[in-house]
Number of protein chains: 2
Amino acid sequence: MKLKEELKIIVLDWPIEENIGVLNPEDAARNDISINDKLIVEVDGKKFTVYARISKKVEKGHLLIFKPLADMVGVKEGDEASITITDIFESLTYIRKKMRGKHLSKDEIYTIINDVVSGKLTEVEIAAFLLSQMFHGMSMSEIEYLTRAMVETGEVIDFERVVYDKHSLGGVPGNKVSLLIVPIVAAAGLFIPKTSSKAITSPSGTADTMSVLAPVEFTVDELKEVALKAGGCIVWGGSLHLAPADDIFINVERKLRIDPESQMLASIMAKKLAVKANYLVIDIPTGPGTKAPTVKDGRRLAHLFVELGERLDMQVQCGITYGGQPIGHSVGPALEAKEALEALHGNGPTSLLEKSTALAGLLLEMGGVAHRGHGKELAYKILNSGKALEKMRKIIEVQGGDPSIKPEDIPIGEHVIEIRAPCDGYVTHVNNSAITAIARAAGAPKEKGAGVVTPFKRGHKVNKGDVIMVIHAERATKLQQAYSLAQKLKPITIEGMLLYTYPEYV
Amino acid sequence: MKLKEELKIIVLDWPIEENIGVLNPEDAARNDISINDKLIVEVDGKKFTVYARISKKVEKGHLLIFKPLADMVGVKEGDEASITITDIFESLTYIRKKMRGKHLSKDEIYTIINDVVSGKLTEVEIAAFLLSQMFHGMSMSEIEYLTRAMVETGEVIDFERVVYDKHSLGGVPGNKVSLLIVPIVAAAGLFIPKTSSKAITSPSGTADTMSVLAPVEFTVDELKEVALKAGGCIVWGGSLHLAPADDIFINVERKLRIDPESQMLASIMAKKLAVKANYLVIDIPTGPGTKAPTVKDGRRLAHLFVELGERLDMQVQCGITYGGQPIGHSVGPALEAKEALEALHGNGPTSLLEKSTALAGLLLEMGGVAHRGHGKELAYKILNSGKALEKMRKIIEVQGGDPSIKPEDIPIGEHVIEIRAPCDGYVTHVNNSAITAIARAAGAPKEKGAGVVTPFKRGHKVNKGDVIMVIHAERATKLQQAYSLAQKLKPITIEGMLLYTYPEYV
């Protein structure tokens, strides 16, 4: 029911993101509005939803909202708003349908995603949608519509070139492979405009790591220019408004610590479809704490990605990789950037080189610049020839960084603690989630110089007194916190050593 | 992690119920607090949870919260608060366990309910708990623990007498049976301290209807005095803090329009266990729009209530009743109070008398004052003898109303529209949810004089021009809205008449 009168917007400058609109008690009573009623507010064709609150502090004829909402929807103090009281959204009807395990049509999914992006659905309703996906799953058609709806409600970037791309499912710390894959692939003449994310729960996202070497935040137009000039790039996708529903879903998923498979598939592929990727390599790490604990899980996921890719006219190749311990030796933005740059200089750890060239090789084969089964070989060749380093310098330069940067130029956190092996033995286990927690406690990713170095990996022989872990931090207090955590979590297991002897580390 | 410094509370007087705490950016940065981090705030042993927000408008060393939260937890401006940053609640771990369909232990359920009641869990997390119940169900042991946990986190009232009680599952408008059952049962010498609810989605809850005749809001001590003095009462349970988790669950259930069976069982029985009911009759209406669409559904629910009752040492008897149309002729607080009072005077509609005496009879049999199979007969006798009316007058008196009130004294909304039959025929259908919507549009339950009267029920013969519905309202605008809705919803179907001829009603 639409209110006859219009209300004047008041904007209150407090950082309250909730969709709340406060009315005068008389306005509320006259229009039969109660607390928590859902109101659709329309200002100059812009529509948004608020939950009603009632307070005498708001003058009659006004609707008070908070600044974050006003900024998001683009309304300002004094704007005239027409108000409609709504009882139930169409999309809640469809979410309830999914709750009952029914199949959703294309239109129904589009309606839901439109309402997610326009802020009409509340977190509780979005949680219900995600949990219903988790409980009942989604068919491949539903996932396809979900993907397309997520793309169409955001920005789509057309580079007008054949686009190669790469995505890692995550869960493995130290996974700086994009900083090798992008220059290798671009050096081979394939266009790879990589958009990446900042860390949410990990010690460093690809965008965090790259930001040590060059700026990563661009507008869509700047991104196009940068990527076309260098033949590739490594930028932050967060400000580009690609499939913006994803951020909204992630926010709710984090609160419940859930990650429904159908939504994960749609979210990843939507980000890639939004840059019109033609060829995509997906890195599926397997191991505890990853999205695919076993190789069998990895194969099943790979099959789903390939099938979804076919429906979206995207050629997808999955690499199931070993994710049981960190990639390379270093974890944290600056440490990882340094290790990646060393690898491009021809001096990288085996696990990093192997994984990067294998995945880059898949793209080289898809692009027809290497014969089937010879991509990795070519990737190694490009890396060893220095062409990948040269291309990386070009990318750093066009993104606005210093192309002559050397690994030793990168500042690392000055507060350092070394942890030593208490006995002779073999490293039998390196715990990913413990390494992640310690690096984050040290300050990563916010403090770029913070992180962890693990000189020995699983299977290595260590002698009593060898340094098995170095923690770097920018602040002494953080170092101490990370160290306490390391003593508690015992991230590295050495064969034959009892866990409770770890306090002797000091 | 606990912050070293304490923060001074600032209370901002805006009606924002959300659990939000705003900090100065420097305090946040120094303690590594990000937006949406969950903080446990402790003031003089009182603990509550807020989600972090960050704003320069809050001075260093302060934590700003909003008034509704401050009032709820009982803290005030200037209080010193110690802050703990928390990562994940134990109870979220258990909710996630239920999400995966696992069985929860007693301790796990108690932890969840404690956190629900103390405000530690957010709506999203509570929604996840309710949806998990909906998707996976709960065993009878889990439901028992849920019930007990809900009771133990609230007030428990010990009347130190054998307690008889009655509950209706709802979904049927006009269900004023408690206003007959309580005085009948109390007149037979059985103690029946009935706590009831106000309407949330119906046109009138029992507490709304009773409030037309006498005050219904009491403290626990007052309630004890009132109930013991009259041998029974009909009061509002909402202010008594019985099983307070229920209100929190209902709030989320309404937003998603869900009503998980296990939670419903626990919530109803918790309210009854909290008044230490020994004998309980549950009215299970069957029909479209009720919780038991078919008699078979009703039997299944009845079985669950009886089993749960056994576990809680409560003797439960269920009455499966016909809920296909309103009970009696009138819907809305004053109209229903009037009809109930008329029935106590010996002048009630058959459906109301039949249902009330049948359910009262079950309690009389359970209490041993009637032989098995003869309870209804005795209930009728008590009603016809005037003893029920006499007891009702006593109840009205001790609750603070006017015991001499007559049906004709009750003020009914003065704005009236009659709707007439457009043709001869039989009433083949009276639509519960349409009647509910029209009565609410007319102003019920807020405006007590508003409501709907339907002189003819299903199966009755009507002639063209007979009044088949009267709408009462306190305000002309509301009457018009209710009338428009009636024209649209066509709540009463007369055989042989095509629905689209209804506009001719005018």
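The values are calculated or read from the model by the stated rules, or taken from the named source; none is laboratory data. As the structure is a computational prediction, the values presented were derived from the model and not from experiment. Ideal geometry is used to build each Cβ from the backbone, glycine not excepted, and the neighbour counts take in all protein chains shown.
Among residues belonging to segment B:97-123 that are within 14 Å of chain A (Cβ to nearest Cβ) and without any contact (Cβ under 8 Å) to a residue 24 or more places away in the chain, point out the one that is surrounded by the fewest Cβ atoms within 10 Å (Cβ to Cβ).
B:ARG100
Kindly evaluate A:ASP158 against the criterion of being buried (at least 22 other Cβ atoms within 10 Å of the Cβ), closer than 17 Å to A:LYS276 by Cβ, in contact (Cβ under 8 Å) with a residue 60 or more places away in the chain and charged (D, E, K, R). So that I can check it myself, show each step before the final result.
Working: buried (at least 22 other Cβ atoms within 10 Å of the Cβ): no; closer than 17 Å to A:LYS276 by Cβ: yes; in contact (Cβ under 8 Å) with a residue 60 or more places away in the chain: yes; charged (D, E, K, R): yes.
No; evaluated as a whole, the condition is false for this residue.
Collect the residues in segment A:79-93 that are in a loop (DSSP other than H, G, I, E, B), within 14 Å of another protein chain (Cβ to nearest Cβ) and over 32 Å from the mean Cα position of the chain (by Cα), keeping them in residue-number order.
The answer is A:ASP87, A:ILE88.
Among the residues of segment B:134-180, write down those that are assigned to a loop (DSSP other than H, G, I, E, B) and under 30 Å from B:LYS457 (Cβ atoms).
B:LEU169, B:GLY170, B:GLY171, B:VAL172, B:PRO173, B:GLY174, B:ASN175, B:LYS176, B:VAL177
Among the residues of segment B:227-244, which ones are surrounded by fewer than 21 Cβ atoms within 10 Å (Cβ to Cβ) and either under 20 Å from B:LYS176 (Cβ atoms) or out of contact with any Gly (no Cβ under 7 Å at 6 or more places or on another chain) (or both)?
Result: B:LEU228, B:LYS229, B:GLY238, B:SER239.
Report, by residue number, each residue of segment A:12-66 that is basic (Lys, Arg), facing chain B (nearest Cβ under 9 Å) and assigned to a loop (DSSP other than H, G, I, E, B).
Scanning segment A:12-66 gives a single hit, A:LYS57.
Given the conditions (1) within 23 Å of the chain's Cα centre (by Cα); (2) under 22 Å from B:GLY309 (Cα atoms); (3) crowded, with 22+ Cβ neighbours inside 10 Å, which single one is not true for B:GLU152?
(3)
Take A:GLY328 and tell me if it is touching a helix residue (DSSP H, G or I) at 6+ places or on another chain (Cβ under 8 Å) and under 26 Å from A:PHE191 (Cβ atoms).
Details: touching a helix residue (DSSP H, G or I) at 6+ places or on another chain (Cβ under 8 Å): yes; under 26 Å from A:PHE191 (Cβ atoms): no.
Taking the combined requirement at face value, the residue does not satisfy it.
For A:MET1, work out the one condition from (1) modelled with pLDDT of 80 or more; (2) at the interface with chain B (Cβ under 10 Å from one of its Cβ atoms); (3) surrounded by fewer than 15 Cβ atoms within 10 Å (Cβ to Cβ) it doesn't fulfil.
Only one criterion in (1) modelled with pLDDT of 80 or more; (2) at the interface with chain B (Cβ under 10 Å from one of its Cβ atoms); (3) surrounded by fewer than 15 Cβ atoms within 10 Å (Cβ to Cβ) is unmet by A:MET1, namely (1).
Quick one: how many residues across segment A:437-460 are under 17 Å from A:SER484 (Cβ atoms) and either in the same structural domain as A:SER197 (by TED's automatic domain parsing) or part of a strand (DSSP E or B) (or both)?
Here the count works out to 2.
Among the helices (runs of 4 or more DSSP H) confined wholly to segment A:203-258, which include 2 or more residues that are farther than 14 Å from A:ILE395 by Cβ?
The helices (runs of 4 or more DSSP H) meeting that bar are A:220-230, A:245-256.
Report yes if some residue within segment A:238-256 is among the polar types (S, T, N, Q) and within 30 Å of B:LYS97 (Cα to Cα); otherwise report no.
Narrowing segment A:238-256 to residues among the polar types (S, T, N, Q): A:239, A:251.
Checking which are within 30 Å of B:LYS97 (Cα to Cα) leaves us with A:251.
There is at least one residue in segment A:238-256 that is among the polar types (S, T, N, Q) and within 30 Å of B:LYS97 (Cα to Cα).
Of the conditions (1) assigned to a helix (DSSP H, G or I); (2) surrounded by 22 or more Cβ atoms within 10 Å (Cβ to Cβ); (3) within 23 Å of the chain's Cα centre (by Cα), B:ALA434 satisfies every one except a single condition; which number is it?
(2)
Restricting the search to segment A:437-457, which residues are surrounded by fewer than 17 Cβ atoms within 10 Å (Cβ to Cβ) and either basic (Lys, Arg) or over 31 Å from the mean Cα position of the chain (by Cα) (or both)? So that I can check it myself, show each step before the final result.
Initial filter on segment A:437-457 (surrounded by fewer than 17 Cβ atoms within 10 Å (Cβ to Cβ)): A:446, A:455.
Once the filter is applied, which keeps residues that are surrounded by fewer than 17 Cβ atoms within 10 Å (Cβ to Cβ) and either basic (Lys, Arg) or over 31 Å from the mean Cα position of the chain (by Cα) (or both), segment A:437-457 yields only A:LYS446.
Given the structure, is B:LYS76 assigned to a loop (DSSP other than H, G, I, E, B) and under 34 Å from the mean Cα position of the chain (by Cα)?
Here the answer is yes, as B:LYS76 does meet what is asked.
Within the set of pairs 6+ apart or on separate chains, which have a first residue in segment B:304-329 that is part of a helix (DSSP H, G or I), a second that is buried (at least 18 other Cβ atoms within 10 Å of the Cβ) and acidic (Asp, Glu), and C-beta atoms under 8 Å apart?
The qualifying pairs are B:LEU308/B:GLU144; B:ARG311/B:GLU144.
Could you please tell me which pairs satisfy a Cβ distance under 8 Å, a separation of 6+ or placement on different chains, a first residue in segment B:379-396 that is more than 12 Å from B:GLU342 (Cα to Cα), and a second residue that is of a type in the set (Asp, Glu)?
Filtered contacts from segment B:379-396: B:ILE396/B:ASP402.
Output yes when any residue across segment B:335-345 is within 30 Å of B:SER139 (Cβ to Cβ) and either in contact with a Lys or Arg (Cβ under 9 Å, 6 or more places away or on another chain) or surrounded by fewer than 17 Cβ atoms within 10 Å (Cβ to Cβ) (or both), and no when none is. Reasoning before the result, please.
Restricting attention to segment B:335-345, the residues satisfying the condition of being within 30 Å of B:SER139 (Cβ to Cβ) are none.
Scanning segment B:335-345, I find no residue that is within 30 Å of B:SER139 (Cβ to Cβ) and either in contact with a Lys or Arg (Cβ under 9 Å, 6 or more places away or on another chain) or surrounded by fewer than 17 Cβ atoms within 10 Å (Cβ to Cβ) (or both), so the answer is no.
If you scan segment A:430-473, which residues turn out to be within 17 Å of B:SER34 (Cβ to Cβ) and of a type outside the set (Lys, Arg)?
Within segment A:430-473, A:THR436, A:ALA437, A:ALA439, A:ALA441, A:ALA442, A:GLY443, A:ALA444, A:PRO445, A:GLU447, A:ALA450 meet the criteria.
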